[in-house]
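Structure, as structure tokens:
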Amino acid sequence: MDDDSHALLSRESLIYTITVPLATSIILANLVIILGISCNRQLHNTPNYFFLSLLVADTCTGVALPFIPLMALNRELSFSSCLLVHVLPNFLFLAFLSNLVMVHYERYICIVDPLRYNNLWMHRNFPLALLIVWSPPLLYASLPAFGWNNWTGHDWNSCCKSIPKLPPLSNCSTNGTTCCSYRRVFPNDFIYLEVYGLVLPAILVIAGMTGRVLCITRGQMKDICRLHRAIERGSQASEQEHRLNLRYTRCVVAVSLTFLACWVPYLIYMHVCIAFLVSDTKWSFTTHIILSCTGIGSMSVVPLVLGLANKQYTEPAYKLLQKLRDRWRRTQELEEAAL
């Protein structure tokens, strides 16, 4: 085996080594929360249906996660197969982001305008809301299939051989027949529009709504403290006020750490990719694998943080684990008694 083949196998092995455990964890965690919502009839309402749609999108993103780093490799595929392996993961990612914005918006309205919350159009026409959430990502991701691509660009037929910074997979021969590359499917304008016209604004909207909710919570907490002081007729902060301030501080710290851990890695990955796309320079394939897996994977954890923090969602799984543990203990006790 020559050095090139060994390096290629090492890159493929690195992709699956990082993505498969991460994707498996994301899928299993989502299934646990989905099971919790499905088994509890009290959770069968519109807000949890939106969250359920987000979990389904997140599960699909976990399924597509191992294929995302492979998009940086050149492969020998037909036009339709090449579109499928690029368009489908992109659609699942955009659908996940769209569902995440909808969930944050629904909870934002619940806090900002609770009196009108139950009369929102999302509650009156839930199927339309789901259509709005899933259809635009599908339409935009499918644009390369309707002609917005570089499939007929110059020198594309020999890209498996002529572009060293995008190494081919093991099934990509050097006969120059049909080469599949993300550069053939996604033009630069398409990538810029998606990043700076869809993805980045969505992240900023989520951050803005979260910050607004924290400001409203802070104002309400101050009102509670002033009311408590008026009732107690004291000028000093009571123990209850200290507990409220401590709870709010913990909430701010948790939100900040979640944003830093889940969104910052993806923002770094996104802008690094754009920088290398603009400069058209060579960069380490190992770095690309680590950044893509860390960025997409950390962003996929956001729904899990929201779901696992709710005991109602995890209660069925907890009860199941408790039953299995009790059964295992009884089995151990019977075996010990038999001895």
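The values are calculated or read from the model by the stated rules, or taken from the named source; none is laboratory data. Since the structure is predicted, the reported quantities are computational estimates derived from the model, not experimental observations. Positions of Cβ are backbone-derived with ideal geometry, glycine not excepted, and every protein chain shown enters the neighbour counts.
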Given (1) in contact (Cβ under 8 Å) with a residue 40 or more places away in the chain; (2) surrounded by fewer than 19 Cβ atoms within 10 Å (Cβ to Cβ); (3) more than 17 Å from N48 (Cβ to Cβ); (4) under 26 Å from the mean Cα position of the chain (by Cα), S78 misses just (4)
(1) surrounded by fewer than 19 Cβ atoms within 10 Å (Cβ to Cβ); (2) in contact (Cβ under 8 Å) with a residue 60 or more places away in the chain all hold for G62 apart from (1)
Note to self: Quick check on segment 254-272. Is at least one of its residues exposed (fewer than 12 other Cβ atoms within 10 Å of the Cβ), part of a helix (DSSP H, G or I) and modelled with pLDDT under 75?
What the structure shows: no
Log entry, pairs with first residue in segment 301-328 being touching a residue at least 24 places away in the same chain (Cβ under 8 Å), second being exposed (fewer than 13 other Cβ atoms within 10 Å of the Cβ), beta carbons closer than 8 Å, six or more apart or on different chains, reads Q312/Q42
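Looking only at segment 67-122, filter to residues that are outside any helix (DSSP H, G or I) and either modelled with pLDDT of 90 or more or not basic (K, R) (or both); which one of those is farthest from A57 (Cα to Cα)?
Pass one, segment 67-122, residues outside any helix (DSSP H, G or I): 68, 73-78, 113, 120.
Narrowing further to those that are either modelled with pLDDT of 90 or more or not basic (K, R) (or both): 68, 73-74, 76-78, 113, 120.
Values: I68: 15, L73: 25, N74: 27, E76: 29, L77: 27, S78: 27, D113: 27, L120: 23 Å.
Per the criteria, the residue is E76.
Suppose we filter L320, L244 for residues that are farther than 30 Å from C225 by Cα, at pLDDT below 80 and either surrounded by 12 or more Cβ atoms within 10 Å (Cβ to Cβ) or in contact with a strand residue (DSSP E or B) (Cβ under 7 Å, 6 or more places away or on another chain) (or both); which single one remains? It would help to see each step written out before you state the result.
On the way: L244 fails: farther than 30 Å from C225 by Cα.
Answer to the check: L320.
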